[in-house]
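First comes the structure, then the notes that go with it.
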Amino acid sequence: MTKLFAAVMLALTSFSYPLATPTSRGSVPGHPAAIASPSLTQEQSKHPIDKALDACTDKNGSTAGMVQCTDQAYAAWDKELNKNYGLLMQNLKAQQKDALKAAQLEWIKQRDLEFKFIDSVYDALEGTMYISMRIAARMEVVKHRALELHEYLDLVKEFS
């Protein structure tokens, strides 16, 4: 069960962080940064929240431990999302701020619908391992938005 959870967590967390790093251009095939060892590159690009989640689940691989660790990571990603939103708002022009606020309000509606869907899927499954998987799925929704906002922030700062 722990191996299955670890595989799901790896699959869920390995996709999005490199999109938001300042060196994401290195993911272009043929670019020097793309030639580095995949496992080394993946570990170097792993977000600190993901590293903390991995360390936490390594210490306590029980279902209760994984739930606690993933819940902590969810809270950290939510905090990161709010931080990135605030920093992005500080760096935008008035019209851009209005657009971001509208987009964020719509994202919140979409997030809530996605959470309902996630809950409906996991409500139909039996077994304690699905508790932590449900939290991980919800965390990924928030993480993805936090990283999107970070990417926009990097872009705005780069061309300001």
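Some observations on this one:
- Some residue of segment 122-132 being surrounded by fewer than 16 Cβ atoms within 10 Å (Cβ to Cβ), under 24 Å from GLU158 (Cα atoms) and of a type in the set (Gly, Ala, Ser): no
- Test result for GLY30, outside any helix (DSSP H, G or I), more than 30 Å from VAL156 (Cβ to Cβ) and at pLDDT below 95: no
- Residues of segment 100-121 that are open to solvent by 60 Å² or more (accessible area, probe 1.4 Å) and either more than 30 Å from THR57 (Cα to Cα) or in contact with a strand residue (DSSP E or B) (Cβ under 8 Å, 6 or more places away or on another chain) (or both): LYS101, LEU105, GLU106, LYS109.
- Among (1) at pLDDT below 95; (2) open to solvent by less than 70 Å² (accessible area, probe 1.4 Å) - the single one TYR85 does not satisfy: (1)
- All conditions but one from (1) touching a residue at least 24 places away in the same chain (Cβ under 8 Å); (2) more than 20 Å from ASP50 (Cβ to Cβ); (3) of a type in the set (Lys, Arg) apply to LYS143; the one that does not is (2).
- Yes/no for ASP54 being at pLDDT 95 or above and open to solvent by 60 Å² or more (accessible area, probe 1.4 Å): no
The values are calculated or read from the model by the stated rules, or taken from the named source; none is laboratory data. Not measured: the values here are computed from a predicted model. Cβ: placed from backbone, ideal geometry, glycine included. Neighbour counts: every protein chain shown. Calculation scope for accessible area: heavy atoms of the full protein, side chains included, ligands and nucleic acids excluded. Shrake-Rupley method; radii C 1.70, N 1.55, O 1.52, S 1.80 Å.
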